[in-house]
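Take a look at the structure below.
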Amino acid sequence: MISTFIEQILDRISAANLLAAGLLLATALGCAVIAYWRTVEEKSFAEFFEFLLPHEVITHPSARADLLFYITRKAIMPFLLIPAGVTFVVAVGYATNKIVGTMFGIDAPLMGGSPGPITVIVFTVTMLLAYDISYYLYHTAQHRFPFLWELHKVHHSAEVMVGITKDRVHPLDELMNRAWDGVIPGICFGLWTLIALNPVEVTVFGVNVYIMRNILMMDFVRHTHFKISFGKLNNLILCPHWHQLHHSTNPRHYDKNFGLLFSFWDRVFGTLCVPEPNESFKFGLVDRDVRDYQSLNGLYILPLKKMWRVVKRRLKPRRAAPIQAREGSRP
């Protein structure tokens, strides 16, 4: 029974991933056409392909590092990150179901039968909100706490944006992010199992919601040089151009635009920064050792070493100051 359950989920995930990949590529190509049409006056196919894949970008050491990191990371994903993403949400959802169900004496979903269209829509919206606020809080923490920042620097070390830069995320960082994702979405997930959905439906829908969010936020496009804006829709959805500002090395742009899909979290918490139309950015880190991150060793091993240094500094006992020094401020 458990084997059949897992096979059903994996089948749905595989089919969804193939559909999502096709939609992401089609969206990226469409955005490239739009960005090119707005930017270039004299248009030609040759110039379009140069705009799509600029030589100075695809030959940059950062782009090469992105490709190598992408290949090795994809080898890890099926064995660690994808199962972890489902497991954390399911585990917290199951615990929420049992605890809340026991407290209120709920043994079965309050709404019997298969969920209708309205229920599915409401479920999808609430899960999108749960996933998004969860990401916003974790992303903010990544920039606030040195321990997390050393891992997140891997993502910000990209000096050019080539689409797959979206996956320039350290596996440990990704794992912790997905564990944290299990909290808020997991609780929302568990409450829905008490209201209208059984665990199988919620698990499958949960994966679909996650993929739907990735499509809507255009994660591939916003990690390119295409300055795509959504106009008035920017008040609701964080457009690619606004996220590109988040990667800027300009001090004015530090710690801005943390949102993933929705832009209103940044507006509510005061971290929103709106770029000028067609504003260009320099990407990367201001650290002197930014070049050290343009290799597999720099992307996988260096962050762990730096994290350990942060931990050692925090654990190292502080020496008491000499009595004269401590009392030196007395009149």
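Details
- Amide H to amide H, with H built 1.01 Å from N, I237 comes under 5 Å of S263, counting only residues 5 or more places away or on other chains.
- For a straight C-alpha distance cut-off of 20 angstrom, the lysines reachable from K166 (same-chain residues fewer than eight places away being disregarded) are K74, K153, K227, K256, K282.
- Evaluating 6.51 cos²θ - 1.76 cosθ + 1.60 at θ = phi - 60° for every residue in the stretch 54-66, the Karplus couplings come out as x, 4, 5, 8, 6, 9, 6, x, 5, 5, 5, 5, 4 Hz, glycine and proline recorded as x.
- Sorting the segments 228-238, 258-268, 40-50 by their mean number of nearby beta carbons within 10 angstrom, highest to lowest, gives 258-268, 228-238, 40-50.
- Cβ crowding within 10 Å averaged over residues, with 65-72, 161-168, 304-311 ranked highest first: 161-168, 65-72, 304-311
- When peptides 150-159, 117-126, 93-102 are ranked by their average number of other Cβ atoms within 10 Å per residue, the highest-first order is 150-159, 93-102, 117-126.
- Bins of 5 Å, starting at 0 and running to the largest distance - Cα pair percent for the stretch 230-304: 3, 15, 22, 18, 15, 12, 10, 4, 0
- Within a straight-line Cα-Cα reach of under 20 Å, K305 can be paired with the following aspartates and glutamates, leaving aside sequence neighbours fewer than 8 residues apart in one chain: E150, D173, E174, D287, D289, D292.
Read-outs: derived from the displayed coordinates by stated rules, not from any lab. As the structure is a prediction and not an experimental result, all values here were calculated from the model. Backbone-built Cβ (ideal geometry, glycine too); neighbour counts: all protein chains shown.
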